[in-house]
Amino acid sequence: MEPYLESSSRLRRQRKFPFVDDKVLTDWNGMMIAALARAGGLLGEPRYVTAAEKAAAFVLTLRDGEGIQLHTWRDGKGKIRAYLDDYAYLIKGLTALHKVTGSGRWLDEAERLSEELESRLRDPAGGYFMSEGEPDLLVQVKAATDGAIPAGNGVAILGLLELGAITGEAVYRERATAALESFSPQLAAYPGALATVALAVYHYRRPGSPPPAGESGAAEAVAATGGLEGLAEKLVRVSARPASAVREDGWQPFEIGLEIQEAWHINANPASLEYLIPTSLEGKLRGLSYPPGESFKFAFAPEELSVYSGSVTLTGELAPGERSLSLTYQACDDRRCLPPVTKHVILPAPER
């Protein structure tokens, strides 16, 4: 090192270093989780999705003794109960993760946080306060104007609409309706300042969105099926039959027929991305054969993925004396993937 540079470095080390902001914030992590999940799906990068899942799993551990989500963590300690932005952005991240991975864990956590937000920060007139009321707090703030980041109320309303669309539960849309009504005078007067709320209005009324509570439509239809799991169950009709006579060693060849509802697909085996769940058979089996998939372009992936649609037949052989096996599949349309389904399948006894 040059004498001047060495002297400069030595003098710099003698100075008092500035403070470093190394705390973990729930709301900022929620933004990051949503970004990584979406990027992982769109770019076909499983490592982004994995990073989002690790971050979500950690942030969800930040709770106080009563189980309330916390705002910040540093040096192994969490503190300060969550604000509106914490709930809004973390719910946004968790629903993004659910849509990409199909995991019910993230949806369950998003719903739990939504209920916690409702119980702690809801304004009876609609919308949400920034924080809980306290004896020394003169005014509870309920803002919807965007600043450096989108307003917590706008993001929360979008989250409610997302949860309503995913689960089919009318209560989420009812809460979004109340919030939008409470901010409608501000939106009419200052639309440019409430851009995120305006975006929520667009999603609320756009063609194909779930109808308001009380109207017939997609939300009621999904609810009638028992939620997303019930919907996924009904999308694929399964049949099982012996393919030929029992072999000399006692193994039974079989065929599993799948009839997949129009406009839906299931992932082929092998699946195109690591975090997508392939269609698979499990049990005391041998000689499994999965047909090649067909290429399909999803909105969440930049490349075509391998899927099954229409009628599909899976073949293999079942061990001597066995009649049962399990089938796992994940149903998707062109925008989303539903939670995976595992069905217990009984193979009829071969005719003698």
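The values are calculated or read from the model by the stated rules, or taken from the named source; none is laboratory data. As the structure is a computational prediction, the values presented were derived from the model and not from experiment. Positions of Cβ are backbone-derived with ideal geometry, glycine not excepted, and every protein chain shown enters the neighbour counts.
Structure values in brief
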read-out	value
Odd one out for L273, checked against (1) under 23 Å from the mean Cα position of the chain (by Cα); (2) farther than 24 Å from S103 by Cβ	(2)
Qualifying residue in region 75-83 (condition: under 21 Å from the mean Cα position of the chain (by Cα) and among the β-branched types (V, I, T))	no
1 or more residues over 30 Å from I260 (Cβ atoms) and modelled with pLDDT of 90 or more: qualifying helices (runs of 4 or more DSSP H) within region 174-245	195-205
Test: residue in region 141-148 that is among the acidic types (D, E), at pLDDT below 90 and surrounded by fewer than 22 Cβ atoms within 10 Å (Cβ to Cβ)	no
Criterion (out of contact with any Pro (no Cβ under 7 Å at 6 or more places or on another chain) and either outside the structural domain of R81 (by TED's automatic domain parsing) or more than 30 Å from C337 (Cα to Cα) (or both)) met by exactly one of A143, A179	A143
Listing of strands (runs of 3 or more DSSP E) fully contained in region 251-352 that carry 3 or more residues being surrounded by 15 or more Cβ atoms within 10 Å (Cβ to Cβ)	252-260, 265-267, 305-308, 311-318, 324-329
T101 vs. criteria over 27 Å from A232 (Cβ atoms), polar (S, T, N, Q) and touching a residue at least 40 places away in the same chain (Cβ under 8 Å)	no
Contacts under 7 angstrom Cβ, first residue in region 161-172 being acidic (D, E), partner part of a helix (DSSP H, G or I), 6 or more apart	E162/T95; E169/A223
E162 vs. criteria in the same structural domain as K92 (by TED's automatic domain parsing), surrounded by 18 or more Cβ atoms within 10 Å (Cβ to Cβ) and more than 23 Å from R81 (Cα to Cα)	yes
Residue pairs meeting the criteria (Cβ under 6 Å; at least 6 apart or on separate chains; first closer than 21 Å to R74 by Cβ and without any contact (Cβ under 8 Å) to a residue 24 or more places away in the chain, in region 38-59; second aliphatic (A, V, I, L, M) and in a helix (DSSP H, G or I))	A51/L36
Matching residues in region 159-192 - criterion: being hydrophobic (A, V, I, L, M, F, W, C) and closer than 12 Å to S114 by Cβ	L160, L161, L163, I166, V171, A176
Residues satisfying the stated conditions in region 129-173, i.e. in a loop (DSSP other than H, G, I, E, B) and among the acidic types (D, E)	E132, E134, D136, D146, E169
Check on G44, on the phi > 0 side of the Ramachandran plot, surrounded by fewer than 17 Cβ atoms within 10 Å (Cβ to Cβ) and not acidic (D, E)	no
